[in-house]
Amino acid sequence: MQLDAHIVRLRLAETFVIAREARDEEDVVQVELTHDGVTGHGEAAPIERYDESAESALAFVREHGHLIGDDPFALEEIGARLAAIPGEQAAKAALDAALHDLQGKLLGVPVWKLLGLPRVGPPTSWTIWLGDPDDMARRTDRVAGRFRRLKLKLGGGDGLDVDRVRAVRARTELPLQVDVNEWWSLEEALDAIPRLAALGVQYVEQPLPAGDPGGAELKRRSPVPIYVDEDCHTLADVAACADIAHGINIKLAKSGGIREGIRMAHAARALGLGVMLGCMVESGLGIAAGCVVAPLCDHVDLDGNLLIAEDPCPGVTFADGVQVPSEEPGLGVGGS
Ligand code: MG
C-alpha cells in the first residue's frame, strides 16, 4: 500500500478555552492509504496532554507506516504491529481510520454498515468552553435550539464552577454534562457534585487528576455518575475504571482507532459501565470515524468539526442535534 501523510491546520471559529489551555487553531495529520487504485483517508488529532503533536504524529506515520503491510483487511495483525510501538495513539487512529475507509471503498459500503452497526448514535453535546459564569450563560443563549445537550467545561480554579453551571441552567432546560479536566481535589469534588446534582447535571467527567487515589471514594459517594477520560485510554485501562467511575469516555485519538474503541465499548458494558464518546477539534474526516463508534455509546460529544471556522472535509451531516455519517462507501469524506 502507498502511504502519504500531511499536516492540516484547522482554524477555530472562536477561541476554545479549557482548564489546561486556550487555542485559536489546531493542527491535525491526515493520511492517505492507496491500494489497487483506491485511496482511504484518515485523520489524527494528537492530544498535547499525552505529549503528542501533529509533528510527532506525522513522524510516527512516516517512520512506522510500513507496518501496515499489503492487506488492508488484516486489521487485527496490523493493529498488533502498531500497538507494539508505544505512544502516538492519534497517529495509529489515523491509520486505522484510513484502513476502514479503504475497506469500505473497496467493498462499496459505508464503514458503519461494514461493521454491522446502526448509522446513527445519540445526539451530540455542544461544548460550552470555560469562561466566567455570565459569559458561559451568554454563549448558551447563542446555541439554544441547535443542540439537544450541552457539555460545560469547568475547572476555573476560582471557586466559581458551580456558579458556572447555575448560570447556564438559568438559561436552558437542556440536559447538562460537565467536564472538569482533572481540575478538582477529592474535597472540592465532594463539595461541588451534590450541588451540581441539584442543578440536574447528568454526569461529571474526570473531576480528579488521572490516577488520583481518591477515585474509589468519589465513586462511592458521588450522587452523580462519574465518567473518566484522562484515566482511560485503551482497552487495557477499562477494567480498572470500574473501581473509580460509572462510565468511560472513549476517544479515537486515545484508543488508537475505531477497532480498539469498539473493544472498549464492549468491555465497559461487561463491567456495567456507561460509555461516552468524545473527540478533539477535528475536521469532518476525524468526526466521521467517531460516528462509527457513536451508536455503541450512551453519550456522544462529537462537536469537533462544528467548532472550526470551515470544515475542509465535509461529509458528516449535523441534523436535529445528531451527527449523521454519510451513506457513501467508506467514511464518506475526503475524496475517493
Ligand atoms: Mg474530557
Looking only at aspartates and glutamates whose Cα falls under 17 Å of Lys105's and that sit 8 or more positions away or on another chain, we get Glu32, Asp36, Glu43, Asp70, Asp71, Asp96, Glu327, Glu328
State the Kirkwood hydrodynamic radius of the stretch 2-108 in Å, one decimal place, computed from all pairs of distinct Cα atoms.
14.4 Å
In whole Å, largest first, the alpha carbons of the chain cover along the principal axes 58, 39, 35
Under the Debye formula (equal points on every Cα, no solvent term), log10 I(q)/I(0) of the stretch 109-239 at q = 0.11, 0.18 Å⁻¹
-0.44, -0.97
Carbon/sulfur fraction of accessible area - the stretch 15-83, other protein chains in place, 1.4 Å, %:
47 percent
Return the Rg/Rh ratio of the stretch 204-250 with Cα-based radii and a Kirkwood Rh.
0.91
15 Å reach of a label modelled at Leu186, 7 Å along Cα-to-Cβ, counting backbone N of the stretch 220-262:
220-222, 243-245
In Å², what does the accessible area per residue of the chain work out to with a 1.4 Å probe?
39 Å²
Roughly how many whole Å is it from the C-alpha centroid of the stretch 253-282 to that of the stretch 135-196?
24 Å
Kirkwood hydrodynamic radius of the stretch 53-147, Cα pairs, Å:
16.6 Å
What the 10 Å binned alpha carbon P(r) of the stretch 50-103 shows, as percent of pairs per bin from 0, is 25, 58, 16, 0
How big is the stretch 224-336 in terms of Cα radius of gyration and Dmax, in angstroms?
14.2, 45
Under the 7 Å Cα-to-Cβ spin-label approximation, Val143 and Ala198 lie apart by a distance in nanometres of 2.6 nm
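The values are calculated or read from the model by the stated rules, or taken from the named source; none is laboratory data. The shown structure was predicted, so the numbers you read here are calculated from the model rather than taken from an experiment. Methodologically, a virtual Cβ is constructed for each residue, glycine included, from the backbone with ideal geometry; neighbour enumeration extends over all protein chains shown. Just the protein is used for accessible areas: all its heavy atoms, side chains included, with ligands, DNA and RNA removed. Shrake-Rupley method; radii C 1.70, N 1.55, O 1.52, S 1.80 Å.
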